[in-house]
Amino acid sequence: MSKSDTILLGHGSGGKLSHDLIDSIFVKYFDNKYLQQQTDSAILNTEGKKIAFTTDSFVVDPIFFPGGNIGKLAIAGTVNDLAVSGAVPKYLSCGFIIEEGLPLKELEEVVKTMAYEAKKAGVVLVTGDTKVVDRGKCDKIYINTSGIGLLEDKYEGISTASQLKKGDKIIINGSIGDHGMAVMAARNDLNISADISSDCACLNTMIKEVLEASDGIRFMRDATRGGIGTVLSELAKTNNLGILIKEDKLIVNEGVKGICELLGFDPLYVANEGKVIFVVASEDAVKVVETLRKNEYGKEASIIGEISEDHNGTSWLETSVGGKRIIDMLSGQQLPRIC
């Protein structure tokens, strides 16, 4: 049996292998009009009301890292997937798979964090499930969270990027790569010391402020697995539009840059858990940046590029020295067990 016949870590990267797996197996058998959208949340009609519905699983290693833990990640990840769809997150479910031998103190800390983050985000955990497996059959704890949010009709097209226009500006709410490198630095086998903290956070309040400030929000996506590079590449290919990003507009903190150089990672493809890519009508771009900068999670917001007239179907980076390179989808597994 060759590698092509088995699951690889790269199939969980959020990049090309993940997309190939989804298309070749999951969509092949589960195919329906909702899955065909392949957005972070499914948009459903229920008795005249629209809801967004999403689910996510978290297997991060280690379960505690600078800036958060697996519990904070589980709440923020699902809340953000609903919020970037234009929905107001309301209800979450939570499933735990726990390894025998996990200290109760660690479990309580994870659950306590989840409760705090849920309250802060204004969502309620309404149902759940717990399973315990034999020692060695799971790495401490895995968590699945599903979420439901309410969606106004006017925001239905945001998750599909169906309203993009050439000249629209691309905005991000801050530095990139912080979460992925914080988790990597926390891994004992790497023995790396760096002053880096994960950007993991619930962003629904910030997103709500942006939607209230502008009617020109064309698209939103949180840049988690695969980083902003994979999001931009997918956006360009799916909509057959060109994207041009300027390297000197991207913020990469020094600690993140250092570890990326040490380990050979490209910050464009490193996971974030508190960053959103916005595509905004050109005339509203400055207003959106100003709105973001008033929020604690958007103080470093900036316009990083635009939907361009050229290179339909591809995303490009204009480097700081004036050259250009293609931003392709992450092809392998850069960072395993990052979320």
GLU152 versus GLU300, label points 7 Å from Cα toward the beta carbon: distance in nm? 3.1
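If packing is taken as the average count of other Cβ atoms within 10 Å, what order do 33-39, 219-225 fall into, highest mean first? Intermediate results must be reported in sequence, preceding the final value.
Values: 33-39: 13.0, 219-225: 24.6.
The densest-packed peptide leads the list: 219-225, 33-39.
Please label the shape of segment 169-327 as rounded, prolate or oblate, based on the square roots a ≥ b ≥ c of the eigenvalues of the alpha-carbon gyration tensor (a/c under 1.5 means rounded; beyond that, a/b larger than b/c means prolate, else oblate). Don't skip to the answer; put the middle values down first.
Numbers: a/c = 2.03, a/b = 1.29, b/c = 1.58.
Since a/c reaches 1.5 but b/c is at least a/b, the shape of segment 169-327 is classed as oblate.
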Tabulate in residue order the Karplus-calculated ³J(HN,Hα) for segment 192-202, using 6.51 cos²θ - 1.76 cosθ + 1.60 with θ = phi - 60°, rounded to whole Hz; enter x for Gly and Pro. 9, 10, 8, 8, 10, 10, 4, 8, 3, 6, 7
With 0.36 nm assigned to each residue of separation and the Cα-Cα distance removed, GLU261 to ASP215 gains 12.6 nm
Diffing segment 166-176: the Karplus 3J(HN,Hα) column from phi (6.51, -1.76, 1.60, θ = phi - 60°), in whole Hz with x for Gly and Pro, holds 4, x, 4, 9, 10, 10, 10, 8, x, 5, 10
Charge sum, other residues only, whose C-beta stays under 10 Å from ILE303's C-beta, Lys/Arg counted +1 and Asp/Glu -1: +2
Please give the length that would be gained between SER193 and HIS311 if that part of the chain were fully extended, namely 0.36 nm times their separation in residues minus their C-alpha to C-alpha distance (nm, one decimal). 38.4 nm
Scoring only Lys, Arg, Asp and Glu (+1, +1, -1, -1) among other residues with Cβ under 9 Å from the Cβ of LYS275 yields -4
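Within segment 49-143, which GluC sites (Glu not before Pro) sit in a loop by DSSP and count at most 13 neighbouring Cβ atoms inside 10 Å? Can you show the working numbers first?
Details: sites: GLU99, GLU100, GLU106, GLU108, GLU109, GLU117; in loops: GLU100.
Here the GluC sites (Glu not before Pro) that fit, given the DSSP loop and packing criteria, are GLU100.
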Karplus ³J(HN,Hα) for segment 307-320 (6.51 cos²θ - 1.76 cosθ + 1.60, θ = phi - 60°; Hz, whole; x = Gly/Pro) runs 6, 9, 7, 10, 6, 3, x, 9, 10, 10, 10, 8, 6, 5
Quick query: amide H of LEU125 versus all other amide H atoms, modeled in the peptide plane; which residues come in under 5 Å with a sequence gap of 5 or more or a different chain? LEU92
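Go ahead and run the numbers for FRET between THR205 and LEU8, Cβ-Cβ distance against an R0 of 41 Å, rounding to 0.05.
Values: r = 38 Å, r/R0 = 0.92.
The computed FRET efficiency comes out at 0.65.
Every number in this text was worked out from the coordinates using simple rules, so none of it is lab data. Please read all numbers here as calculations on a predicted model, not as lab measurements. A quick note on method: Cβ atoms are made from the backbone with ideal geometry, for glycine too, and the neighbour counts reach across all protein chains shown.
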